[in-house]
Amino acid sequence: MNDPASNVPVRPVQRVVIVHGYQSSPDANWFPWLQSALEAEDIGVTVVPLPDPDDPGKAAWEDAVSTALGVPDATTVVVAHSLGVVTVLRVLETLPEPWELGGLVLVAGFTEPLEALPELNGFLATDVAVERVATSIRERTVLRSDTDPFVPPEASDDLARRLRARLQVYPGAGHFMAEDGVTRLPALLDLIRST
């Protein structure tokens, strides 16, 4: 990984910011489980409640994430799911340099319009300078499924390539939602611990 501060000792994760996606909320899917697991290890957790998740507004979502994230550092990890991924990447893109983030874990991530969700085309009309953002993030991982009904595998694969991130594939996990049987993600917890 490209490490902007390779000579600085890495401190353990102290704070995790979790960002949900379209038609979701902080108490959906695996977010409450992850929050509880991290808090049990004395890690501070913020699960960002995004405004109007059924009709997302780009500026409102970015403001909510920016407020929750504040100034990231090497002890901060951001976890984002689905449309939250694009939002997080856009917020990171606007941070004044230099900045650093300890880890970024993107679940069912993408940055371009999706054939399965044309109602989001306006939200996704502009791309993100993913390659530039990557240089300020110590650890980058993209998780995807092979059975996602919304995000094609190649969209997540392309995001991982552009971020120079590790790619992990979870067979049969759908879109990583409770409806897909995903209410816990132990591998995600392990990733955060190892950051």
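The values are calculated or read from the model by the stated rules, or taken from the named source; none is laboratory data. Just so it is clear, the model here is predicted, and its values are computed rather than measured. Please note: Cβ atoms are built from the backbone with ideal geometry, for glycine as well, and neighbour counts cover all protein chains shown. Calculation scope for accessible area: heavy atoms of the full protein, side chains included, ligands and nucleic acids excluded. Shrake-Rupley method; radii C 1.70, N 1.55, O 1.52, S 1.80 Å.
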Rg ratio (alpha-carbon, reference 2.2 N^0.38 Å) - segment 13-65: 1.19
Let me have the 222 nm mean residue ellipticity of the chain computed from DSSP H runs of 4+ only, each contributing -39500 (n - 2.57), with the sum over all residues rounded to the nearest 500. -8500 deg cm²/dmol
May I ask for the net charge around L191, where only other residues with Cβ less than 15 Å from the Cβ of L191 are counted and Lys, Arg are +1 while Asp, Glu are -1? +3
Exposure rule at most 15 other beta-carbon atoms within 10 Å, DSSP loop GluC sites (Glu not before Pro): the chain longest free segment: 116-195
Tell me, what does the Kirkwood hydrodynamic radius of segment 106-176 come to in angstroms if you use every pair of distinct C-alpha atoms? 12.5 Å
Suppose a student asked you for the relative contact order of the chain, using Cα pairs under 8 Å spaced at least 6 residues apart; what percent would you report? 24 percent
Accessible heavy-atom area order of R90, R164, highest first, probe of 1.4 Å: R164, R90
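Seen from all sides and averaged, what is the projected area of the convex hull of the Cα atoms in segment 31-96, in nm²?
4.8 nm²
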Express the C-alpha Rg of the chain as a ratio against the empirical globular expectation 2.2 N^0.38 Å, rounded to two decimals. 0.93
Starting from the Kirkwood Rh over alpha-carbon pairs, what translational D in µm² s⁻¹ does segment 64-143 have by Stokes-Einstein at 4 °C and 1.567 mPa s? 100 µm²/s
